Amino acid sequence: MPATLIPRVRIEEVEYFLSLAWGGGGGVIRGNGVAGAVVAQVPVSMKVDVGTLRGFIANRMVRNATTTATGDITAPTGGSAGDLRRIDLIQYSLTGGVNIKEGTEDPAPVPPSADANSLVLAHIYCRKGMVSVKDTDDSANGYISDQRTYI
């Protein structure tokens, strides 16, 4: 084995054994309430912020060292104003970092499935006519539901 590959192999082995020590599987390392938390931006907008993250996906350590703002979350177009019409997924991917996976508009919406090698952080419940995403349900705007799995 070339000498340049030895450090990388050892890092992957250490990450694998650390993930087993934390119970295996994927999830956020419990420590403080903001680890990977998805929260409404202040002032409120159509974006959310994702807190710093430490965890494991597929026995690989993930480290998102800064708070990340998502792109705009769009309002659904179907149904009546205020009706819940779509559930979006906020996930952290080994290959793409924090991203939004938009759900399908439906009178009885279900969230999309997470991509392979991704960690689900939150669902965003979206309504027609929403002008912001909030931390709690105000019956008019989008709101966040924490979906983090802890290890």
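Only residues that are of a type in the set (G, A, S), over 15 Å from K101 (Cβ atoms) and modelled with pLDDT of 95 or more: list them for segment 120-135, please.
Selection gives S132 alone.
Could you list, in sequence order, all residues of segment 63-85 that are of a type in the set (A, V, I, L, M, F, W, C) and under 13 Å from the mean Cα position of the chain (by Cα)?
Once the filter is applied, which keeps residues that are of a type in the set (A, V, I, L, M, F, W, C) and under 13 Å from the mean Cα position of the chain (by Cα), segment 63-85 yields only A69.
Table: residues versus (1) open to solvent by 30 Å² or more (accessible area, probe 1.4 Å); (2) within 22 Å of G25 (Cα to Cα).
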residue: R86; (1), (2): no, no
residue: L89; (1), (2): no, yes
residue: L94; (1), (2): yes, yes
residue: N99; (1), (2): yes, yes
residue: D106; (1), (2): yes, no
residue: V133; (1), (2): no, no
residue: Q147; (1), (2): yes, yes
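Checking R85 against (1) free of Cβ contacts under 8 Å to residues at least 40 places away in the same chain; (2) more than 19 Å from V44 (Cα to Cα); (3) of a type in the set (D, E, K, R), which test does it fail?
Against the list (1) free of Cβ contacts under 8 Å to residues at least 40 places away in the same chain; (2) more than 19 Å from V44 (Cα to Cα); (3) of a type in the set (D, E, K, R), R85 comes up short only on (1).
Please determine, by comparing only the residues of segment 1-42 that are of a type in the set (D, E, K, R) and open to solvent by less than 80 Å² (accessible area, probe 1.4 Å), which one is modelled with the lowest pLDDT.
My answer is E12.
Specify which of the listed residues (D138, D88) is over 16 Å from T68 (Cα atoms) and either at pLDDT below 95 or over 16 Å from the mean Cα position of the chain (by Cα) (or both).
None of the others qualify; the one that does is D138.
Return yes or no: is D49 out of contact with any Ser or Thr (no Cβ under 6 Å at 6 or more places or on another chain), surrounded by 15 or more Cβ atoms within 10 Å (Cβ to Cβ) and among the acidic types (D, E)?
No: the conditions fail for D49.
I need the full set of residues from segment 64-82 which are surrounded by 16 or more Cβ atoms within 10 Å (Cβ to Cβ) and assigned to a loop (DSSP other than H, G, I, E, B), in order please. Walk me through it before giving the result.
Of segment 64-82, the ones surrounded by 16 or more Cβ atoms within 10 Å (Cβ to Cβ) are 64, 68, 70, 73, 75-76, 79.
Result: T70, I73, A75, P76, G79.
Going by the structure shown, is R60 touching a helix residue (DSSP H, G or I) at 6+ places or on another chain (Cβ under 7 Å) and open to solvent by 40 Å² or more (accessible area, probe 1.4 Å)?
Values: touching a helix residue (DSSP H, G or I) at 6+ places or on another chain (Cβ under 7 Å): yes; open to solvent by 40 Å² or more (accessible area, probe 1.4 Å): yes.
Considered against the rule, which asks whether it is touching a helix residue (DSSP H, G or I) at 6+ places or on another chain (Cβ under 7 Å) and open to solvent by 40 Å² or more (accessible area, probe 1.4 Å), R60 comes out as yes.
The values are calculated or read from the model by the stated rules, or taken from the named source; none is laboratory data. Bear in mind that the values here come from a model prediction, so they are computed numbers and not experimental data. Note that we place each Cβ from the backbone using ideal geometry, even for glycine, and neighbour counts take in every protein chain shown. With ligands, DNA and RNA removed, areas are computed over all heavy atoms of the protein, side chains included. Shrake-Rupley method; radii C 1.70, N 1.55, O 1.52, S 1.80 Å.
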